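A.B. asks: My questions will all concern the structure given below.
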Amino acid sequence: MIIDHPLLGPRDAAEFVVLGDASLIDRPDGMTATVEEMHDYAYLRDNPAGDHRELWYHEQGDRSWLVVTRSTLTHEVIKVELARNVARAQGRSR
Amino acid sequence: MRYSALRILKEGLTGNRGWQPAWREPEPKPEYDIVIIGGGGHGLATAYYLAKEFGERNVAVLEKGWLGSGNIGRNTTIIRSNYLLEGNQPFYEFSLKLWEGLEQDFNYNAMVSQRGILNLCHSDPQRDAFVRRGNAMRLSGADAVILGPDEIRKMCPYLDHESARFPITGALWQPRGGTVRHDAVAWGYARGADRRGVDIVQNCEVTGFDIKDGRCLGVETTKGPIKAKKVAMCAAGSSSRVAALAGLRLPIESHVLQAFVSEGLKPVLPGVITFGAGHFYVSQSDKGGLVFGGDIDGYNTYAQRGNLPVVEDVCEGGMAIMPMIGRARLLRMWGGVMDMSMDGSPFIDRTHVEGLYLNAGWCYGGFKATPASGYCYAHLLASGQPHETARFFRLDRFRQGAMIDEKGVGAQPNLH
Ligand SMILES: Cc1cc2nc3c(=O)[nH]c(=O)nc-3n(C[C@H](O)[C@H](O)[C@H](O)COP(=O)(O)OP(=O)(O)OC[C@H]3O[C@@H](n4cnc5c(N)ncnc54)[C@H](O)[C@@H]3O)c2cc1C
């Protein structure tokens with residue numbers, strides 16, 4: 001798989017570490033979340049067959065976090081974004 | 001028809017005209033007591049033990065492809081009971097005991113071969129950890145032997161014993177571990193279940209559930225609706241997809257594991273060997289091929305194939321511990337999709353939907369579990385109570401803080 005890094009261009013997927021579903025960006029507020037919300041966030045996954053948004057870390061590169069949209073049926077990489085942009089757009093960071 | 005040496009002789013003398021198909025190919029009935037989703041090793045074993053041990057004969061196994069098309073026909077066939085934790089080890093030892101009597105029990109040659117499994121260690125702390133694990137194994141009634149470098153050198157002279165980076169400092173050896181012919185396990189259980197009246201329906205995909213007021217009444221399939229008093233999910237790598245049809249989200253990600261076979265060689269490996277400093281393991285099939293593998297690819301996938309970086313990684317591991325493998329040519333490689341769970345351990349449990357049960361999360365280690373998984377799932381389905389050795393495999397264990405995390409890496413499926 002080739003990841004088209006928004007800053008560095010096409011990179012071999014072997015340079016990255018995969019964390020998992022990009023919904024991990026939406027961590028509930030630990031002070032207000034219910035046990036149920038925290039449990040679902042930490043342990044449950046949609047695990048879809050088809051397009052999947054996931055967090056990839058460019059460990060052997062510029063160490064940026066990316067949100068990669070990838071098909072779990074074909075391995076085709078559909079879209080690559082900087083995770084900070086995605087998180088900011090979701091109001092995660094100021 | 002019972003298989004026996006006498007039978008072979010008789011058939012041989014009469015032109016082999018008396019052999020019959022090992023199981024029927026029935027159309028599904030409109031209703032069953034128990035419907036099992038998934039005709040892999042676990043589903044078929046569940047049906048077999050339901051019929052044989054628990055008197056449940058009105059049972060169907062629905063398989064979307066053909067028997068053996070899933071992981072039961074794709075794994076590297078290793079059986080062992082060398083776990084550490086209380087939640088796991090007694091279960092896997094129960095499974096190993098069932099393997100030991102399996103061929104007589106289901107009257108089928110599954111080529112159960114207890115040629116031993118050798119887990120190499122490469123540092124003092126790793127050796128300490130293996131000693132501790134060996135003790136846990138022995139507490140559960142399993143066998144475990146700690147070997148020193150000299151004994152290993154005698155057993156496997158061709159390993160790289162003196163590597164400067166990863167010298168072999170010892171090994172945990174389980175003589176009762178070994179390999180089993182995986183397809184024959186599916187066929188043996190299928191035949192045994194069929195003979196006891198279980199309907200095995202191939203090319204029948206479950207496409208939905210009939211759930212009313214929190215109760216599961218049956219399933220929708222590509223061969224029409226089928227009613228059932230109890231529905232038992234057992235779809236290995238597809239568990240999340242099947243469970244999603246019932247509105248469930250599982251603590252599971254689907255990942256691919258690759259496996260490799262070399263050309264046939266003369267007998268060289270005594271049993272299974274695992275490299276303790278990288279992810280590589282190898283055994284030799286009865287045909288002579290070196291069967292080996294390593295890590296999962298690490299990203300979510302439902303494609304039954306992996307990518308080249310892991311191929312490279314596995315081969316590097318092989319070259320590091322057993323340099324002679326570089327002379328063997330690779331014959332075939334393939335991948336299988338598995339349920340990686342949040343703590344690396346499986347589930348055998350009921351769900352919050354009444355009458356709907358789950359068997360899932362077997363990661364890359366479910367083949368060895370096949371007999372016990374089937375037995376314990378059948379126990380739960382028939383009696384409503386978890387089997388003693390499977391009582392920790394609960395679906396709500398993350399909520400309860402009762403994870404069974406052998407590796408201690410937390411809720412990160414691709415690290416287990
Ligand atoms: C490469 C590889 C090597 C492995 N090596 C080992 C090993 O050495 N030792 C070990 O212990 N374990 C090993 N494993 C793990 C082991 O193979 C699995 O954990 C185990 O086989 C899973 O259980 P199963 O046999 O029931 O799965 P499967 O055979 O995959 O059965 C599940 C079945 O469900 C069916 N299904 C899915 N969805 C539906 C639906 N909607 N309707 C109807 N049917 C459906 C599938 O078609 C499939 O046949 C390995 C796995 C892989 C991929």
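A.B. asks: When you check B:Glu93 against the structure, is it away from chain A (no Cβ under 14 Å), acidic (Asp, Glu) and within 15 Å of the ligand (Cβ to nearest atom), yes or no? Give the derivation first.
C.D. replies: Numbers: away from chain A (no Cβ under 14 Å): yes; acidic (Asp, Glu): yes; within 15 Å of the ligand (Cβ to nearest atom): yes.
Yes: the conditions hold for B:Glu93.
A.B. asks: Show the residue pairs meeting these rules: Cβ distance below 9 Å; 6+ apart or different chains; first residue within region B:353-378 and farther than 20 Å from B:Trp187 by Cα; second residue of a type in the set (Asp, Glu) and near the ligand (Cβ under 10 Å from one of its atoms).
C.D. replies: B:Ala360/B:Asp339; B:Gly361/B:Asp339; B:Trp362/B:Asp339; B:Cys363/B:Asp339
A.B. asks: Let me ask something else about it. State all residues of region B:403-416 that are assigned to a loop (DSSP other than H, G, I, E, B) and polar (S, T, N, Q); if no residue qualifies, say none.
C.D. replies: First, pick out the residues of region B:403-416 that are assigned to a loop (DSSP other than H, G, I, E, B): B:403-412, B:416.
Passing the criteria: only B:Gln412.
A.B. asks: Would region A:5-14 turn up any residue that is closer than 24 Å to B:Met340 by Cα, away from chain B (no Cβ under 14 Å) and not acidic (Asp, Glu)?
C.D. replies: Looking through region A:5-14, none of the residues is closer than 24 Å to B:Met340 by Cα, away from chain B (no Cβ under 14 Å) and not acidic (Asp, Glu).
A.B. asks: Within region B:74-187, which helices (runs of 4 or more DSSP H) (wholly inside it) include 3 or more residues that are over 26 Å from B:Gly41 (Cα atoms) and either touching a residue at least 40 places away in the same chain (Cβ under 8 Å) or aromatic (Phe, Trp, Tyr) (or both)?
C.D. replies: Values: elements: B:89-106, B:124-139, B:149-155.
Passing ranges, in order: B:124-139.
A.B. asks: For the condition touching a residue at least 60 places away in the same chain (Cβ under 8 Å) and at positive phi, what is the one hit in B:Ala236, B:Ala277, B:Ala328, B:Ala246?
C.D. replies: Result of the check over B:Ala236, B:Ala277, B:Ala328, B:Ala246: B:Ala236.
A.B. asks: Another question about this same structure. State yes or no: is B:Gly73 near the ligand (Cβ under 9 Å from one of its atoms) and surrounded by fewer than 22 Cβ atoms within 10 Å (Cβ to Cβ)?
C.D. replies: Details: near the ligand (Cβ under 9 Å from one of its atoms): yes; surrounded by fewer than 22 Cβ atoms within 10 Å (Cβ to Cβ): yes.
Against the criterion (near the ligand (Cβ under 9 Å from one of its atoms) and surrounded by fewer than 22 Cβ atoms within 10 Å (Cβ to Cβ)), B:Gly73 qualifies.
A.B. asks: Among the numbered criteria (1) within 16 Å of the ligand (Cβ to nearest atom); (2) in contact with a strand residue (DSSP E or B) (Cβ under 6 Å, 6 or more places away or on another chain); (3) of a type in the set (A, V, I, L, M, F, W, C), which single criterion is violated by B:Leu120?
C.D. replies: The single condition B:Leu120 does not satisfy is (1).
A.B. asks: Scanning for something surrounded by fewer than 20 Cβ atoms within 10 Å (Cβ to Cβ), more than 15 Å from the ligand (Cβ to nearest atom) and modelled with pLDDT of 95 or more, does region B:176-192 turn up at least one residue?
C.D. replies: Taking every residue of region B:176-192 in turn, none turns out to be surrounded by fewer than 20 Cβ atoms within 10 Å (Cβ to Cβ), more than 15 Å from the ligand (Cβ to nearest atom) and modelled with pLDDT of 95 or more.
A.B. asks: If a residue counts only when it is surrounded by fewer than 19 Cβ atoms within 10 Å (Cβ to Cβ) and within 13 Å of the ligand (Cβ to nearest atom), which helices (runs of 4 or more DSSP H) contained entirely in region B:291-402 have at least 1 such residues? Before the answer, list the steps.
C.D. replies: Numbers: elements: B:308-321, B:370-383, B:397-400.
The helices (runs of 4 or more DSSP H) meeting that bar are B:308-321.
A.B. asks: OK, next. Are there any pairs, at least 6 apart or on different chains, whose C-beta atoms fall under 6 Å, with the first in region A:31-44 and at pLDDT 95 or above and the second among the aliphatic types (A, V, I, L, M) and surrounded by 15 or more Cβ atoms within 10 Å (Cβ to Cβ), and if so, which?
C.D. replies: Taking only residues 6 or more apart or on different chains, the pairs are A:Ala42/B:Ala411; A:Tyr43/B:Met342; A:Tyr43/B:Ala411.
A.B. asks: A follow-up question, please. Please verify whether B:Ser283 is more than 10 Å from every other protein chain (Cβ to nearest Cβ), within 13 Å of the ligand (Cβ to nearest atom) and in contact with a strand residue (DSSP E or B) (Cβ under 8 Å, 6 or more places away or on another chain), treating the condition exactly as stated. Give the derivation first.
C.D. replies: Details: more than 10 Å from every other protein chain (Cβ to nearest Cβ): yes; within 13 Å of the ligand (Cβ to nearest atom): yes; in contact with a strand residue (DSSP E or B) (Cβ under 8 Å, 6 or more places away or on another chain): yes.
So B:Ser283 fits the description; yes.
A.B. asks: All but one of (1) within 11 Å of the ligand (Cβ to nearest atom); (2) touching a residue at least 60 places away in the same chain (Cβ under 8 Å); (3) within 23 Å of B:Cys204 (Cα to Cα) hold for B:Leu50; state the number of the condition that does not hold.
C.D. replies: Checking B:Leu50 against (1) within 11 Å of the ligand (Cβ to nearest atom); (2) touching a residue at least 60 places away in the same chain (Cβ under 8 Å); (3) within 23 Å of B:Cys204 (Cα to Cα), the one that fails is (1).
Condition check ((1) of a type in the set (Asp, Glu); (2) within 14 Å of chain A (Cβ to nearest Cβ); (3) not in a loop (DSSP other than H, G, I, E, B)) across all residues:
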{"position": "B:Asn203", "(1), (2), (3)": "no, no, no"}
{"position": "B:Lys227", "(1), (2), (3)": "no, no, yes"}
{"position": "B:Val242", "(1), (2), (3)": "no, yes, yes"}
{"position": "B:Leu248", "(1), (2), (3)": "no, yes, no"}
{"position": "B:Ser254", "(1), (2), (3)": "no, yes, yes"}
{"position": "B:Leu257", "(1), (2), (3)": "no, no, yes"}
{"position": "B:Phe260", "(1), (2), (3)": "no, no, yes"}
{"position": "B:Thr274", "(1), (2), (3)": "no, no, yes"}
{"position": "B:Gly278", "(1), (2), (3)": "no, no, no"}
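A.B. asks: Now for a different question. I'm trying to understand the selection: among the residues of region A:1-14, which are assigned to a strand (DSSP E or B) and loosely packed, with under 12 Cβ neighbours inside 10 Å? Can you show your working first?
C.D. replies: Of all residues in region A:1-14, those assigned to a strand (DSSP E or B) come to A:2-5, A:9-12.
Answer for region A:1-14, where residues must be assigned to a strand (DSSP E or B) and loosely packed, with under 12 Cβ neighbours inside 10 Å: A:Ile2, A:Gly9, A:Pro10.
A.B. asks: Scan region B:41-67 for residues that are surrounded by fewer than 22 Cβ atoms within 10 Å (Cβ to Cβ) and within 22 Å of B:Val256 (Cα to Cα) and jot them down.
C.D. replies: B:Lys64, B:Gly65, B:Trp66
A.B. asks: Let me ask another. Looking at (1) touching a His at 6+ places or on another chain (Cβ under 9 Å); (2) within 19 Å of A:Gln60 (Cβ to Cβ), which is the only condition A:Ala22 fails?
C.D. replies: (2)
A.B. asks: Right, next: Limited to region B:218-243, what total is found for residues that are over 21 Å from A:Ala49 (Cβ atoms) and surrounded by fewer than 18 Cβ atoms within 10 Å (Cβ to Cβ)?
C.D. replies: Looking only at that region, the number is 5.
The values are calculated or read from the model by the stated rules, or taken from the named source; none is laboratory data. All values derive from a computational prediction rather than experimental measurement. Here Cβ is always computed from backbone atoms with ideal geometry, including for glycine, and neighbour counts include all displayed protein chains.
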